[in-house]
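What follows is calculated from the coordinates using simple rules that are stated; it is not laboratory data. Because the structure is predicted, anything quoted here is derived from the model rather than measured. Every residue, glycine among them, receives a Cβ derived from its backbone with ideal geometry; neighbour counts consider all protein chains shown.
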Amino acid sequence: MSEGIGLFIKPWVKKFVASVALNGVPIRYPRISAVTGNWEFFDPIGNVYVDSGERAQGEAPEFRVENNTLQIKFPSDSDWVDLYEFSGGNAVQTEMGDGITVTNALGGWRNGDNIDPADNVFDVLRRLFNPVVPPTYTQPVLSLAGVTPYEREIGENIAPGLDPLWTQNDAGVLTQYRLSRGGTVIYTGTATATVIDGVFQLTANVTYQAAADYGQGPVKSDSDSNPHPEGRIPAGTRTSNPVTYTPQRKAFYGVLTSEARPETSDEIRSLSGELLNPVNGSAMTVQVPAGAWGACFAYPATLRTPQSIISQASGLDVKTGTPETAVSVEGANGYLPIVYRVFIIMGNIPYGGSGDSYILTI
């Protein structure tokens, strides 16, 4: 085999040596132009390289000259295929000359594709090194946001504003927008809009959700600027995420500034500290300063008894010595009361010194 025959061409190769000579004319393999990055094929008639206009991408196949014929072998196939026949020093472009079934996807060729003997070599190379890229179609997106927080005290009066965000992407234009509360449509329009619901008392979960109807999207083009309708977005409806307002009970806790013990709903609710939606494991801290009478903790009786009530001054758990009482405590705006566990830590006189701090863990 002559020098250079069977050379495996890669994009970073800059030069090629003469491989064979036919009728005194040097024959060289195709190369990649260092200027344009395109494939260049050698013309033995003019003894020059000619730019094919095909951009080289990725690894190239092998080339060789056998029996006065320039041949190519794809990485996915073990057979050599004729590209050019040399006769009397003249190079003539030929058809592929042999069929190939692709068994190793490469470039624009996929497993199972057939390259016919009559296929034009430049068409084969174009698909190999510069495959057509189909367009990407992106679905529309509809999201919904409400006035936060979504968890509120049970019985609270709210009038939430619901704000949609519509991104059309590759769909058609929006034709109708709807907002529902609990499955019932409360607003309809031809465009998205922020909707403020009427005031109501929150006593159970309330869920809002939006929907948008849209037309068929346009056809996009592939990388060769040809229409490519496959994947086009059809007309349809997009539904948003749900926005749910949830009512929760509160825990109440705080410093007792007098020797009076909280015994009513209003007295419990007037404590300075509160915790929305207490659960088993929640902790509340009351700092009792000098001159105050003690601390009070109250939370729904549906939760367990305290795991501990720790005095920070002594480091002791005073849970055993702290009696529990039961008080019916309302929700916001006088909503239906439920039974609360109430724990009061109080001495016979106001606290002296630096006071104390208590941590109750449910």
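If you take the Cα centroid of the range 174-221 and the Cα centroid of the range 261-306, the two points sit 41 Å apart.
Each Lys and Arg adds +1 at its Cβ and each Asp and Glu adds -1 at its Cβ; summed about the Cα centre, the range 141-247 shows a dipole of about 220 debye.
Each Lys or Arg adds one and each Asp or Glu subtracts one; over the other residues with Cβ under 13 Å from the Cβ of VAL342, this totals 0. The residues packed around THR325, meaning those with a beta-carbon under 15 Å from its beta-carbon, carry a net charge of 0 if Lys and Arg are +1 and Asp and Glu are -1. Taking amide H as placed 1.01 Å from N in the peptide plane, the amide H of GLU153 sits under 5 Å from that of GLN248, each at least 5 places away or on another chain. Taking amide H atoms as placed 1.01 Å from N in the peptide plane, the amide H of THR322 has no partner under 5 Å among residues 5 or more positions away or on other chains. A simple packing score, the average count of other Cβ atoms within 10 Å per residue, orders the peptides 126-135, 100-109 as 126-135, 100-109, with the highest score first.
When each of the peptides 256-262, 205-211 is scored by the mean number of other C-beta atoms lying within 10 Å of its residues, the order from highest to lowest reads 205-211, 256-262. Set the Cα radius of gyration of the range 265-358 against 2.2 N^0.38 Å, with N its number of residues, and you get 1.11.
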